[in-house]
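The values are calculated or read from the model by the stated rules, or taken from the named source; none is laboratory data. Only a predicted model underlies this, so the values are computations on that prediction, with no experimental measurement involved. Note that we place each Cβ from the backbone using ideal geometry, even for glycine, and neighbour counts take in every protein chain shown.
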Amino acid sequence: MSKLQNSQPAEAERGYLVGVALQRERSLLSVDDSLRELALLAETAGIHVAGRTYQRLRQLHSKTLIGSGKLAEILDEIAFLDVNVLIFDDELSPRHQRELEKQLGDAVRLLDRSALILDIFAQHARTSEGALQVELAQYEYRLPRLTRQWTHLARQAGGGGARGGSGGVGLRGPGETQLEVDRREITRKITKLKSDLEQVRAHRSLHRTRRRRSGLPLVALVGYTNAGKSTLINALSGSQIYAADRLFATLDPTTRRVELPARGEILLSDTVGFIQKLPTTLIAAFRATLEEVVEADLLLHVVDISHENAIQHIEAVEDTLAEIDAAYMPRILVLNKIDRAPGARPNLALTDEYDDIVAVSGQEKTGLDQLLASVQHSLEQQKIGLTVFIPYQSGQVYSELCDKGFIEAERASESGWELALRLPAADADYYERFALERAK
């Protein structure tokens, strides 16, 4: 156990971290490394970490997650350290939360890693879409845990306010408990938020269709939080997207045009960062945003190669990609921040899963030409051959194909153009109606 000196202002919340190491259970990070990451999350949320501890267990205790003796030790410790937030590194079940709250009383707030991440997302969401997504995730996470904390939930979820997040509980009917009223109210809010997000999803889908008609390939950046994705997209596009050396600095997706070295352009899209034990409610709520990943032609998996847990971060991202059905997609592994760790390369058993591995520094703008060349090569490898016939009365389609640079050869006849095309599979699906033949 370690006790940290309080260098924060007196008004800052003081937190205490608790981890569990289960015997015979494989974890991406050791319990020490996971607690260090949890401490960074707490600091990002504005909570000063006053101490931490963990317990090794054969199995989780059904009532309080940890043993009664360990819990008593923690209660003494947080009283001594004047702690007002207790944070568990693992997600607490509704029963765990109820029993622990009984032990803690009203003076100490209880959080787990999932709730902490949701709070950080709520603080950092800048767009209305991001706020909707976070609010939905918060409500879905807290609904099964709803006890005496409705007032806290109403104040916290989605920042409160605009969509009735700070109150709005109806009057009780005959024989109806306040908890039942609260559950009905929160269920109504979830239904409304899902409806709003479906409209966002439909808008994004329409936008992607229009963007696909431009003929520009979509390349999506994915990676562990604070891997340097925003810095990299700035270096490649010359943009000034907000970037900071902290967890979940940016949440809202951003797309920029980037020129390729030989010819043509790509649309490069930055997405929300991943982390181990990412709440499933958050992944579900961010479905519309994460579809940017699934719909991309190529993924750039960015990893902070200077981080001591770089390999574990890669595995956590790959696990999340599998969860959103993106594990099959072509991708390049981008070893970022080589200025902090010259010559470092992870000893990967999964190298064959990537089209290429490229070392760069987004901060120093080194290795970018090699990265773009690798992107261009990967996109070219994905293209397919398609022979089409375009009647003269469909001259707009012919002009479209010319503008997109898909035509490799053409022959004019009395009634139209016979064209040999080379183009991405997604575009080929659109022009298939004119197809004479399709070949790899």
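Out of all the residues in the stretch 86-130, which are of a type in the set (Lys, Arg), in contact with a helix residue (DSSP H, G or I) (Cβ under 7 Å, 6 or more places away or on another chain) and surrounded by fewer than 19 Cβ atoms within 10 Å (Cβ to Cβ)?
Selection gives nothing.
Tell me yes or no: at least one residue of the stretch 262-279 is over 10 Å from the mean Cα position of the chain (by Cα), part of a helix (DSSP H, G or I) and not assigned by TED's automatic domain parsing to the domain that holds Gln133.
no
Please work out if Gly167 is surrounded by 13 or more Cβ atoms within 10 Å (Cβ to Cβ), under 19 Å from Ala122 (Cα atoms) and modelled with pLDDT under 65.
no
Six or more apart or on different chains, Cβ under 8 Å: which pairs go from a residue in the stretch 6-28 that's assigned by TED's automatic domain parsing to the domain that holds Leu86 and of a type in the set (Val, Ile, Thr) to one that's assigned to a loop (DSSP other than H, G, I, E, B) and at pLDDT 80 or above? Could you list them?
Within 8 Å, the pairs are Val18/Ile66; Val18/Asp89; Val20/Leu60; Val20/Ile66; Val20/Asp89; Val20/Asp90.
Can you tell me which of (1) in a loop (DSSP other than H, G, I, E, B); (2) under 22 Å from the mean Cα position of the chain (by Cα); (3) crowded, with 22+ Cβ neighbours inside 10 Å is the one Val83 doesn't meet?
(2)
Please find, among Ala131, Ala202, Ala137, Ala157, the residue that is modelled with pLDDT under 80, closer than 30 Å to Asp319 by Cα and in a helix (DSSP H, G or I). Walk me through how you get there before you give the answer.
Working: Ala131 fails: modelled with pLDDT under 80; Ala202 fails: modelled with pLDDT under 80; Ala137 fails: modelled with pLDDT under 80.
Matching residue, one of Ala131, Ala202, Ala137, Ala157: Ala157.
Can you name the residue in the stretch 316-348 that is crowded, with 20+ Cβ neighbours inside 10 Å and within 21 Å of Gln382 (Cα to Cα) and, of all such residues, is modelled with the lowest pLDDT?
In this case the residue turns out to be Ala326.
Would a scan of the stretch 30-43 turn up a residue that is touching a residue at least 12 places away in the same chain (Cβ under 8 Å) and outside any helix (DSSP H, G or I)?
no
Buried (at least 18 other Cβ atoms within 10 Å of the Cβ), of a type in the set (Phe, Trp, Tyr) and more than 40 Å from the chain's Cα centre (by Cα) - does that describe any residue in the stretch 406-414?
no
Could you list, in sequence order, the residues of the stretch 63-80 that are within 33 Å of the chain's Cα centre (by Cα) and part of a loop (DSSP other than H, G, I, E, B)?
Across the stretch 63-80, the qualifying residues are Lys63, Thr64, Ile66.
Output the residues belonging to the stretch 92-127 that are farther than 17 Å from Ile78 by Cβ, part of a loop (DSSP other than H, G, I, E, B) and among the aliphatic types (A, V, I, L, M).
Correct list: Ala125 only.
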